[in-house]
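Please read the structure below before turning to the comments.
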Amino acid sequence: MFGRVVGPLAVLVIACVLSQDSVFGQCTTRPCSGDDGDGGSLAATVSQLQESMERLQQQMTQQQVHLTKQEMKLTAQEKTIAFLRNATCCTYEIAITTGTAGDADIDYSDVNVQLYDDDFATEWYHLDNPADDFERGKTDRFELKQKCLIDPCVRLKTVLRPSKPRDWWYCTKVQLNVSFCGSKKERVYDYTFNVGFTDNVESRCPE
């Protein structure tokens, strides 16, 4: 690239300072327009050309550093995607936090969860621990094993139990901790829900 830039500039400088006469086959020196012919203009022009080349080189270096960082970022993302696609399975620990309002806890409904990404969605899983789940101000943890999703998100749904009165539940936060079977690698996703669930209502994590 420097050769393409410097070449035309150098030709312009030389053509401005020197011209060749065909008379008697002699070469004469002609000053540039407005120049007194003393060579000061040539030195100034060369100095300006050098400064321009230095600025151009700095800009190219900065662009190269920027491109290198972008390439490194893309390479890391590609490696992560390849790793996830080749992983045999993933363990998902889902931590769900219930709000602190007086009636935020759930009484007569079951909470189901589904994991999904752009290409795949799991079946719905009923979340149930031996102790009472989804009590006011409490965080409940559940564990699922499923295929590894590229960028997993969470979908929650409440299902009212048969012959039970109307129910309500307020979810404030969901944290998804993903670990890979046979590997120490893990990823953590935090989703702020702040969603009130009534009977048979479904809500997914914010975009």
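Scanning region 91-104 for residues that are part of a loop (DSSP other than H, G, I, E, B) and modelled with pLDDT of 90 or more gives G99, T100. Does L49 qualify as being part of a helix (DSSP H, G or I), of a type in the set (A, V, I, L, M) and modelled with pLDDT of 80 or more? Yes, satisfied. Going residue by residue through region 111-123, is there one that turns out to be part of a helix (DSSP H, G or I) and modelled with pLDDT of 65 or more? No, there is no match, as no residue in region 111-123 is part of a helix (DSSP H, G or I) and modelled with pLDDT of 65 or more.
The set of residues in region 164-193 that are touching a residue at least 60 places away in the same chain (Cβ under 8 Å), farther than 20 Å from F142 by Cβ and over 21 Å from the mean Cα position of the chain (by Cα) comprises W168, G182, S183.
Among R166, R155, which is the only one that is over 18 Å from I96 (Cβ atoms) and either at pLDDT 90 or above or basic (K, R) (or both)?
Exactly one of R166, R155 is over 18 Å from I96 (Cβ atoms) and either at pLDDT 90 or above or basic (K, R) (or both), namely R166.
Look at region 112-124: where a residue is closer than 10 Å to V154 by Cα and a partner is among the charged types (D, E, K, R), sitting 6+ places away or on another chain with Cβ atoms under 6 Å, you get Q114/R155; D117/D151. Tally time: how many residues in region 100-132 are closer than 25 Å to R187 by Cα and not hydrophobic (A, V, I, L, M, F, W, C)? So the count comes out to 12. For region 168-188, state whether one or more residues are out of contact with any helix residue (DSSP H, G or I) (no Cβ under 8 Å at 6 or more places or on another chain), within 18 Å of Y92 (Cβ to Cβ) and hydroxyl-bearing (S, T, Y). Looking for residues that are out of contact with any helix residue (DSSP H, G or I) (no Cβ under 8 Å at 6 or more places or on another chain), within 18 Å of Y92 (Cβ to Cβ) and hydroxyl-bearing (S, T, Y), one finds at least one in region 168-188, hence yes.
Residue check: is L127 surrounded by 14 or more Cβ atoms within 10 Å (Cβ to Cβ), in the same structural domain as L176 (by TED's automatic domain parsing), of a type outside the set (V, I, T) and touching a Phe, Trp or Tyr at 6+ places or on another chain (Cβ under 6 Å)? In short, yes.
The values are calculated or read from the model by the stated rules, or taken from the named source; none is laboratory data. These figures come from a predicted structure and were not determined experimentally. Here the Cβ is made from the backbone with ideal geometry for all residues, glycine too, and neighbour counts use every protein chain on show.
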